[in-house]
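The next block holds one structure in the form of structure tokens; read it before the comments.
Nothing in this text is a laboratory measurement; each read-out follows from the coordinates by a stated rule. All figures in this text were calculated on a predicted structure; none of them were measured in a lab. Using ideal geometry, Cβ is built from the backbone for each residue, glycine included, and neighbour counts are taken over all protein chains shown.
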Amino acid sequence: MSVLRVRSPFLSPAAFAAAGTLLVACGAADDTPDAMRDAGPPTAIDAGRDAGPAWAGWPACDTSATSQRLTFVHVNDMHGDYGLDNRGVSRWARIRGYYERVRAESPYTLFTDGADDHEKGSVAELRSGGMSTMELVRQMGFDVRVLGNHDFAWSLDAVLAFSSDPGGGLVLSSNHRYTGVDADVRWGAKDYEILQVGCLRVAFAGLVSNAWDERDRPTNDPFYPEISADYDYAAVARTLLAAHRGEADVTVLVNHIGLSSDEALAEALAGEVDVILSAHSHSLTSEPSVVGDTLIVQAGSQAQFVVRLDVDVERATGRVSLAGFRVRLAQSETPSTAVNDAARALLALHAPEAAAPIGHVSSLCASRCVATTAARAALDVWAADAAIIDMDTTWDDWSAGPLTQQMMVDAFEVERERAGTPGFNALYRTQVPGRVLTRVAATDPSRYVFLGPPTLDPDTMYDLVVQKRPALHPDEFLASGVVFDVAPTLASEVWETLDTYARRRRLACLAVDADVPVPDCTPAP
């Protein structure tokens, strides 16, 4: 079993080339005629209606057949990456288009989502408070999806709404319970459900990973006090399977706990689960991982890939066997017009400036340059005396030329940790005496960029901008002995400060990364 693990929002050229080799190796080539790509029965989403229900029109049972093929089209960890490419197409629309084509070829196809649809991707999500992502997930029309840790990010009300699919799709969260007011109405996620797919009763459950704290570290604390959790995955699964033993022909877990955790779970369950559609670790399986009798697959991240798993099920014995597996590059697929129109409309509504040139970059700006620019922006926008930026929180470089909002977000992705709070790399403000700022300035320069006065008076108070992790835990992230007596308060997410700074620099016809004039620019009067 070969796995490509993806950390960055987009694959590097070398990794992308490797992925292309991987796709050929696992038989991803497809000779289906182009005319069939948009074939298949119409659904509400195809018809452009307001609702986007999951496809529930599987053919009736063929009682003469001794076996039935099930096909799973699976994605995971799409992280809000539904922006339009240079041809005006969203990868989410391409993924939906691929599902429609597969459904036309294999009538018993299920469209599944391994979660983490939210965070780290689109400016539209940030501007809409997560609502644009929720709406586009609805438009995708998944048959089955699970909740992920990033899907809890915005608020308790938001995750409660996301726990139900108004289009009729099944939402899973087997190890979480909402214990607040109107739980039966507000919490829609199921711990276990059976779908009748042709002749087969297909059981679904879905386990969700733990929360992360403001240090960007996993924690067993609940996402919200009103939502209880059990992270003993094997115990939860055993209890569910024992309670429903004999009710289903095929058992499928759509999990958001990571590939290695899914492999360990499959071993612990010793053949009680037929298929695990995995997520969370951003792993791309070039072929199914086989643990005992369990097939496990995962589809990378950021909507770059979609996988297809075919299994044949013997009706008499319930034996499940691998019939085929493919990895597809999303960008190679013909998009769903309906989903693409929805993505375009949501982006225009919530983030009309996302791709507009807000500022200008004078030359290639890598991690230290990006962090330094963020520190300069903090000094300027917040009228601070000093700022310190962690280069470990920069995710993307900037090429010379126009700088857009989306590029700022890609460089400083927003991950709300703890859930319902600002991102772990957001900017905070505090005041410190010169003796403390001297210690801050001594923080590891190979990791941090510090900008501040060349000389410091020990007793003078200075305004300091610092990111959330070191703001709340200076003893862990900054130089030894740093303590903030004045409690830090939120300033903004890094990208928002950069946005303001870039606009100011543009008015002065100056690049954001250096005091270099912007070509063909006239300063504002």
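Both radii are taken from the alpha-carbon atoms of segment 338-425; with Rh as the Kirkwood radius, Rg/Rh is 1.03. Charge dipole (Cα centre; +1 on Lys/Arg Cβ, -1 on Asp/Glu Cβ; no other charges) of the chain amounts to roughly 580 debye.
Rounded to the nearest 10 degrees, the inclination of helix 259-269 to the longest alpha-carbon principal axis of the chain is 40 degrees.
Seen against the Cα atoms of the chain and their longest principal axis, helix 91-105 is set at about 10 degrees. The string of couplings for segment 500-517 from the Karplus curve (6.51, -1.76, 1.60, θ = phi - 60°) is 4, 5, 4, 5, 5, 5, 5, 4, 8, 6, 10, 5, 7, 9, 6, 7, 10, x Hz, one whole number per residue in order, with x for Gly and Pro. Peptides 237-243, 138-144, ordered by how many other C-beta atoms sit within 10 Å of their residues on average, highest first, read 138-144, 237-243.
Over the residues of the chain, the helix contribution to mean residue ellipticity at 222 nm works out to -8000 deg cm²/dmol, using -39500 (n - 2.57) for each DSSP H run of at least 4.
Given Cα pairs under 8 Å that are at least 6 residues apart, what percent is the relative contact order of the chain?
Values: 1224 pairs, mean separation 88.5, N = 525.
So the answer I get is 17 percent.
Pair-distance distribution P(r) for segment 122-185, from all Cα-Cα distances in 10 Å bins starting at 0: 19, 55, 25, 1 percent. The Cα atoms of segment 447-502 define a convex hull whose projected area, averaged across directions, is 5.0 nm². Rounded to the nearest Hz, the phi-derived 3J(HN,Hα) couplings of segment 321-333 under the Karplus curve 6.51 cos²θ - 1.76 cosθ + 1.60 (θ = phi - 60°) are 10, 5, 10, x, 8, 9, 10, 10, 6, 4, 5, 8, 9, where x marks glycine and proline. The orientation-averaged projection of the convex hull spanning the C-alpha atoms of the chain amounts to 26.6 square nanometres. Once the Kirkwood radius over Cα pairs is known for segment 357-507, the Stokes-Einstein relation at 10 °C and 1.306 mPa s delivers a diffusion coefficient of 103 µm²/s. Residues GLU353, GLU214 in ascending order of nearby Cβ atoms (within 10 Å, fewest first): GLU353, GLU214.
Compactness ratio for segment 91-154: Cα radius of gyration over 2.2 N^0.38 Å (N = residue count) comes to 1.21.
Remark: THR522, THR430 ranked as THR522, THR430, counting other beta-carbon atoms within 10 Å and listing the fewest first. What is the distance, in nm, between label points placed 7 Å from the Cα along the Cα-to-Cβ direction at SER155 and at VAL483? Label-label distance for SER155 and VAL483, simple model: 3.7 nm. The long axis of helix 337-350 is offset from the longest Cα principal axis of the chain by roughly 20 degrees. Close amide H pairs (under 5 Å, H built 1.01 Å from N) link TRP395 with PHE412, GLU413, residues at least 5 positions away or on another chain.
Order of LYS468, LYS120, LYS190 from fewest to most other C-beta atoms within 10 Å?
Details: LYS468 26, LYS120 23, LYS190 17.
Least to most surrounded, the residues fall as LYS190, LYS120, LYS468.
Look at the dipole of the chain built from charges on Cβ: of PHE484, LEU456, GLN139, the Cα furthest out on the positive end belongs to GLN139.
In order along segment 288-298, phi translates into HN-Hα couplings of x, 7, 10, 10, x, 9, 9, 9, 10, 9, 8 Hz, rounded to whole numbers, per the Karplus curve 6.51 cos²θ - 1.76 cosθ + 1.60 with θ = phi - 60° and x for Gly and Pro. In terms of overall dimensions, the C-alpha atoms belonging to segment 226-379 reach 66, 37, 33 Å along their principal axes, ordered largest to smallest.
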